[in-house]
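The values are calculated or read from the model by the stated rules, or taken from the named source; none is laboratory data. Keep in mind the model is a prediction, meaning the values are calculated, not measured. Note that each Cβ is placed from the backbone with ideal geometry, even for glycine, and that neighbours are counted across all protein chains shown. Quick note on the areas: whole protein, heavy atoms, side chains included, nothing else; ligands and nucleic acids left out. Shrake-Rupley method; radii C 1.70, N 1.55, O 1.52, S 1.80 Å.
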Amino acid sequence: MPRSNGFSINAASSDESEDVEDVEDVEDVEDVEPLIETDAVPPQCCSARLNLAVLMFFGFSVVYGLRVNLSVAMVVMVNTTEPTPAPNTSIVHACPMPAGMENASDTFPQPDGVPQYPWDSETQGWLLGAFFFGYLCTQIPGGYLAGLYGGKFFMGLGVLGTAALTLLTPMAAQLGVTWMFALRALEGFGEGVTFPAMMAMWARWAPPLERSSLMTMSGSGANFGAFVALPLTGLICQTLGWPAVFYLCGGAGCLWAVFWFLLVSDEPHTHPRISEEERDYIIKSIGPQGTGHGWSVPVLPMMLSVPLWAIIVTQMCANWSYYTLLTSLPTYMNNILHFDLKSNAFLSALPYLGGWLLSTLSGFVADGLIERRLLSVTAVRKLFTITGLLFPAAFLVAVAYAGCSHVLTVTFLTLSITTGGVSAAGVFINQIDIAPRYAGFLLGITNTFGTIPGVVAPIATGYFTKHHTLAGWQTVFWVAAGINAGGAIVYAIFGSGKIQQWAVTEEERAEEEGKRSRSISA
């Protein structure tokens with residue numbers, strides 16, 4: 001909505017900005033964007049920028065479907081989830097089996113001809129973590145190239161490549177663990193460019209005070225994808241067999257890529273169907289920060305940037321619990337709580353429905369707080385980050401003490417992931433606040449570090465739970481909660497929403513100098 005004084009929704013008036021600039025350097029100015037005069041702000045409804053957000057939403061839904069399908073399929077791909085008992089011994093379950101299941105097998109029958117494999121818990125942990133070994137490698141190169149050339153090609157190719165490789169999963173599993181590990185790592189290698197490409201595109205497409213809503217809307221596709229893929233995977237596994245999961249998910253990714261390449265443009269001024277009014281509004285409101293960063297980037301100032309390191313550490317902490325639950329929750333539901341496969345898949349997915357809804361809502365609330373100038377960008381990012389880390393940590397501790405209660409465990413897990421969605425409007429979009437034109441490259445850096453928990457967490461979970469005891473899973477939840485709380489503390493102290501001096505363009509620097517000279521002469 002336009003402001004009543006005829007200015008756009010960007011920050012404070014130019015007079016106020018000049019007053020501040022008399023006494024502060026550029027990096028210390030209130031963490032808001034320069035004000036741009038405009039007659040009206042084009043509505044989001046049916047706009048090109050909203051269409052981009054919707055396509056990204058479905059793209060990340062597919063991305064996370066491709067990422068988590070193995071988590072559920074693993075339950076039926078293995079011919080047992082318990083270690084082979086020694087002679088004359090029996091398996092002791094951590095929680096009592098539900099009535100009628102005392103003598104039931106832990107194996108899940110598959111259609112004739114569908115193979116199953118004798119993978120133990122540690123092997124499963126390595127296979128679930130293999131994706132992230134490849135995912136680590138392409139984050140920074142993908143972010144750099146997307147910032148230089150635009151994100152359309154890299155995001156489209158990342159999803160398409162991952163989808164095509166997913167089609168080969170049944171063959172890789174048949175060839176052996178090594179082939180399966182290599183394929184999952186290659187899938188991660190292809191998918192690693194997607195989030196940096198998204199950030200690079202929004203740096204050119206998102207007006208400053210629509211950033212939170214547009215970016216959380218598109219990024220929430222990750223939670224929505226997990227919500228849809230987990231139960232759907234369970235249903236497909238029981239009806240068509242686990243190989244069909246990978247064929248259908250891979251096909252969906254290839255279909256999405258067709259729409260992406262046909263309908264999306266890298267920048268507003270190259271979009272063939274955008275209105276002139278919307279194009280001018282986006283370009284003017286973003287200003288020089290909406291241009292590519294060129295071949296050189298200020299690497300040393302970035303490495304010394306405290307706000308950037310705050311993002312890195314906080315994302316690593318938040319991702320530990322997220323990836324722990326994303327990859328291992330179906331196993332917990334099966335091994336400890338003994339849900340049947342369909343219930344397991346649905347209940348594993350339920351928390352992500354809440355996360356999707358709350359992350360989307362948090363973006364609109366954050367934009368509203370900034371637009372109405374109730375809180376600064378820094379305060380908003382800290383509020384949403386701290387809330388989105390501490391509440392999930394508290395609920396994970398509650399899960400650790402819920403014991404074998406199905407109702408309490410599912411309730412606390414759902415609340416943990418749901419409240420974690422609040423951080424989507426906090427640290428996870430903070431890169432575009434501190435350095436808009438380098439946002440894709442910065443997200444590549446932060447996501448590289450943030451992916452390390454995706455590699456380590458499943459392996460650590462496999463180690464903690466190798467004896468399939470309730471105490472082992474309590475350790476998993478306590479570790480995740482403690483790491484979450486540590487991230488909240490770091491961001492509360494060191495986080496910032498102000499654009500950094502090393503991210504200011506020469507054009508902006510010259511403009512600030514001109515304003516300062518006019519203010520002094522006046």
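Every residue in region 170-194 that is of a type in the set (S, T, N, Q) and closer than 18 Å to M77 by Cβ, please.
Q174, T178
Would you say G482 is out of contact with any His (no Cβ under 9 Å at 6 or more places or on another chain), open to solvent by 20 Å² or more (accessible area, probe 1.4 Å), modelled with pLDDT of 90 or more and part of a helix (DSSP H, G or I)?
yes
Taking L390, is it within 30 Å of I432 (Cβ to Cβ) and open to solvent by 10 Å² or more (accessible area, probe 1.4 Å)?
In short, yes.
Which of the residues spanning region 121-147 are over 26 Å from V177 (Cβ atoms) and either among the hydroxyl-bearing types (S, T, Y) or in contact with a strand residue (DSSP E or B) (Cβ under 6 Å, 6 or more places away or on another chain) (or both)?
Scanning region 121-147 gives a single hit, Y144.
Residue-wise test of (1) within 17 Å of L52 (Cα to Cα); (2) crowded, with 18+ Cβ neighbours inside 10 Å; (3) within 23 Å of the chain's Cα centre (by Cα).
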{"site": "A229", "(1), (2), (3)": "no, yes, yes"}
{"site": "L232", "(1), (2), (3)": "no, yes, yes"}
{"site": "A244", "(1), (2), (3)": "no, no, no"}
{"site": "Y247", "(1), (2), (3)": "no, no, no"}
{"site": "I274", "(1), (2), (3)": "yes, yes, no"}
{"site": "E278", "(1), (2), (3)": "yes, yes, no"}
{"site": "S285", "(1), (2), (3)": "no, yes, no"}
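If you take the residues of region 47-59 that are surrounded by fewer than 24 Cβ atoms within 10 Å (Cβ to Cβ) and not aliphatic (A, V, I, L, M), which of them is farthest from L157 (Cα to Cα)?
Among them, the one singled out is S47.
Would you confirm whether or not region 240-263 contains a residue that is touching a Phe, Trp or Tyr at 6+ places or on another chain (Cβ under 7 Å), at pLDDT below 90 and either assigned to a helix (DSSP H, G or I) or hydrophobic (A, V, I, L, M, F, W, C) (or both)?
The answer is no, given that none of the residues of region 240-263 is touching a Phe, Trp or Tyr at 6+ places or on another chain (Cβ under 7 Å), at pLDDT below 90 and either assigned to a helix (DSSP H, G or I) or hydrophobic (A, V, I, L, M, F, W, C) (or both).
Among the numbered conditions (1) farther than 18 Å from P351 by Cβ; (2) buried (at least 24 other Cβ atoms within 10 Å of the Cβ); (3) at pLDDT below 90, tell me where A457 comes up short.
Answer for A457: the failing condition is (1).
Taking the condition over 21 Å from the mean Cα position of the chain (by Cα), within 30 Å of L304 (Cβ to Cβ), modelled with pLDDT of 85 or more and part of a helix (DSSP H, G or I), does I493 pass? Steps first, please.
Values: over 21 Å from the mean Cα position of the chain (by Cα): yes; within 30 Å of L304 (Cβ to Cβ): yes; modelled with pLDDT of 85 or more: yes; part of a helix (DSSP H, G or I): yes.
Against the criterion (over 21 Å from the mean Cα position of the chain (by Cα), within 30 Å of L304 (Cβ to Cβ), modelled with pLDDT of 85 or more and part of a helix (DSSP H, G or I)), I493 qualifies.
Could you please let me know if F412 is within 25 Å of the chain's Cα centre (by Cα), surrounded by fewer than 24 Cβ atoms within 10 Å (Cβ to Cβ), of a type in the set (F, W, Y) and modelled with pLDDT of 85 or more?
yes
Can you name the number of the only condition in (1) open to solvent by less than 10 Å² (accessible area, probe 1.4 Å); (2) more than 14 Å from C317 (Cβ to Cβ); (3) over 17 Å from the mean Cα position of the chain (by Cα) that L442 fails?
Here L442 meets the rest and fails (3).
Cβ contacts < 9 Å: first residue over 14 Å from A366 (Cα atoms), restricted to region 420-434; second residue of a type in the set (D, E) and not in a helix (DSSP H, G or I), any location; separation 6+ or different chain. Result?
Close Cβ pairs satisfying both conditions: I434/D31.
Quick one: which helices (runs of 4 or more DSSP H) lie wholly within region 137-212 and hold at least 2 residues that are crowded, with 24+ Cβ neighbours inside 10 Å?
139-149, 152-166, 177-191, 194-205
I'd like to check something: does region 501-508 contain any residue that is out of contact with any strand residue (DSSP E or B) (no Cβ under 6 Å at 6 or more places or on another chain), open to solvent by less than 60 Å² (accessible area, probe 1.4 Å), on the phi < 0 side of the Ramachandran plot and at pLDDT 90 or above?
no
Kindly indicate whether any position in region 113-120 is in contact with a Pro (Cβ under 8 Å, 6 or more places away or on another chain), in contact (Cβ under 8 Å) with a residue 12 or more places away in the chain, open to solvent by 10 Å² or more (accessible area, probe 1.4 Å) and β-branched (V, I, T).
The answer is yes, given that some residue of region 113-120 is in contact with a Pro (Cβ under 8 Å, 6 or more places away or on another chain), in contact (Cβ under 8 Å) with a residue 12 or more places away in the chain, open to solvent by 10 Å² or more (accessible area, probe 1.4 Å) and β-branched (V, I, T).
Would you please list the contacts, defined by Cβ atoms under 7 Å and residues six or more apart or on different chains, that run from a residue in region 218-244 that is farther than 17 Å from L357 by Cβ and in contact (Cβ under 8 Å) with a residue 40 or more places away in the chain to a residue that is of a type in the set (S, T, N, Q) and open to solvent by 20 Å² or more (accessible area, probe 1.4 Å)?
G241/Q110; W242/Q110
When you go through (1) of a type in the set (V, I, T); (2) closer than 19 Å to G388 by Cα; (3) open to solvent by less than 50 Å² (accessible area, probe 1.4 Å) one by one for I493, which number turns out not to apply?
Status for I493: all satisfied but (3).
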